[in-house]
Amino acid sequence: MKIFLVLLVGWIADRLLGDPKWMPHPIVAFGKVIALFERLLNNGRWRKFKGAVTAVVLIAATYYVTFRVLRWVDWHNVYVGMALKALCVFFCLAGTTLIREVREVFRALDRSLEEGRRQVARIVGRDTSQLSAQEVRTAALETLAENLSDGVVAPLFWYAILGVPGMMAYKMINTLDSMIGYKTERYRDFGCWAAHIDDIANYVPARLTALFMLLVAGKLRALPYTTWFGRQSASPNSGYPEAALAGILDCRFGGPHTYFGEYFDKPYIGTNPRELTAADMERAVRINRRVENLSVTIVLLIYLVRFTILYIFFWHQTV
């Protein structure tokens, strides 16, 4: 039952605290390591090969180091080991923090367009300096939907399969993609493998996220709509939760964006270009919370079934 407590404590801590600014975060350390490798290797010849080696080595090292450290701590003190695992779960889940950031975007926008642009720049990679008020709201809600997959469902998915080390390795994958997985001149070759690995790691979670969103919103009839628009997105994964939220809110996401000074003509997701409001944001937040609750419940049930099967098997062996 330790695995139950580890997940529950880590998840509840994220719900209550988010990411406190005073607490050192391993994802920041991941970012610094990735930036160091990028500065050293993203030049000259063989950029794609060097980027591939960087991605594979960092992901494998994250899994191995996490596994070995947790095993060593467990061997010395099982309760300290449980606390450390719960802390890792807390660090890997990012539901609360982004909800706070998105709410702050809408509050900032109520004060002025310029404040809204600056606030949304904290959570998106695109150029926000020329965004309209509608585009600021759209960017915030797109990020909220995408982060539900990247920051909640996907980490829980890999936790269910590979435990805490798998969850940490996934966060390295996600951090690599967010830093170097762009099709810009600088990152196109070096970040190619990082982007493809992220696509593979998020393939199932992104589609599960969209399904869960429609399920908790009572909008399963919008599944064909979500599937169709999800396929239109430039990303093989992020379009699905964005399409699900667009269907739930009856709005339109996507469209042209500028990343790192380069223009990208992305397709629209949804058909209704209506004005988004704070009420839409609060509804999206409620959807996120319900999906998070459902995802944690499913993972706990998976472990309960595993525990029951193992218990029955060993009980029969001893009879």
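General remarks:
- Annotation: of all residues in region 21-50 being of a type in the set (Val, Ile, Thr) and open to solvent by less than 50 Å² (accessible area, probe 1.4 Å), the one that is nearest to HIS196 (Cα to Cα) is ILE34.
- Of residues in region 199-234 being of a type in the set (A, V, I, L, M, F, W, C) and over 23 Å from ILE298 (Cβ atoms), the one most open to solvent (accessible area, probe 1.4 Å): TRP228
- Every condition in (1) closer than 19 Å to GLY95 by Cα; (2) open to solvent by 20 Å² or more (accessible area, probe 1.4 Å); (3) within 17 Å of the chain's Cα centre (by Cα) holds for HIS196 except the one numbered (1).
- Extreme residue, modelled with the highest pLDDT, among residues of region 278-309 that are more than 21 Å from the chain's Cα centre (by Cα) and loosely packed, with under 13 Cβ neighbours inside 10 Å: ALA279
- Taken over region 1-48, the criterion of being among the acidic types (Asp, Glu) and over 19 Å from the mean Cα position of the chain (by Cα) is satisfied by GLU38 alone.
- Considering region 113-141, the residues that are in a loop (DSSP other than H, G, I, E, B) and either polar (S, T, N, Q) or within 17 Å of the chain's Cα centre (by Cα) (or both) include one that is nearest to LYS183 (Cα to Cα), namely GLY125.
- Enumeration of residues in region 87-101 that are among the hydrophobic types (A, V, I, L, M, F, W, C), surrounded by 20 or more Cβ atoms within 10 Å (Cβ to Cβ) and part of a helix (DSSP H, G or I): CYS88, VAL89, PHE90, PHE91, CYS92, LEU98, ILE99
- Residue among VAL78, VAL102, VAL53 that alone is more than 21 Å from the chain's Cα centre (by Cα) and closer than 30 Å to GLU292 by Cβ: VAL78
- Exclusive hit being of a type in the set (Gly, Ala, Ser), in a helix (DSSP H, G or I) and more than 19 Å from SER149 (Cβ to Cβ), set ALA195, ALA222, ALA284, ALA279: ALA279
- Boolean, ARG68 is modelled with pLDDT under 95, open to solvent by 30 Å² or more (accessible area, probe 1.4 Å) and among the basic types (Lys, Arg): no
- Looking across region 142-180, just one residue is surrounded by fewer than 24 Cβ atoms within 10 Å (Cβ to Cβ), hydrophobic (A, V, I, L, M, F, W, C) and under 19 Å from GLU101 (Cβ atoms), and that is MET179.
The values are calculated or read from the model by the stated rules, or taken from the named source; none is laboratory data. Here the structure is a predicted model, which is why all the values come from computation and not from measurement. Please note: Cβ atoms are built from the backbone with ideal geometry, for glycine as well, and neighbour counts cover all protein chains shown. For the accessible areas, the whole protein counts, side chains as well, though only heavy atoms, and no ligand, DNA or RNA atoms are used. Shrake-Rupley method; radii C 1.70, N 1.55, O 1.52, S 1.80 Å.
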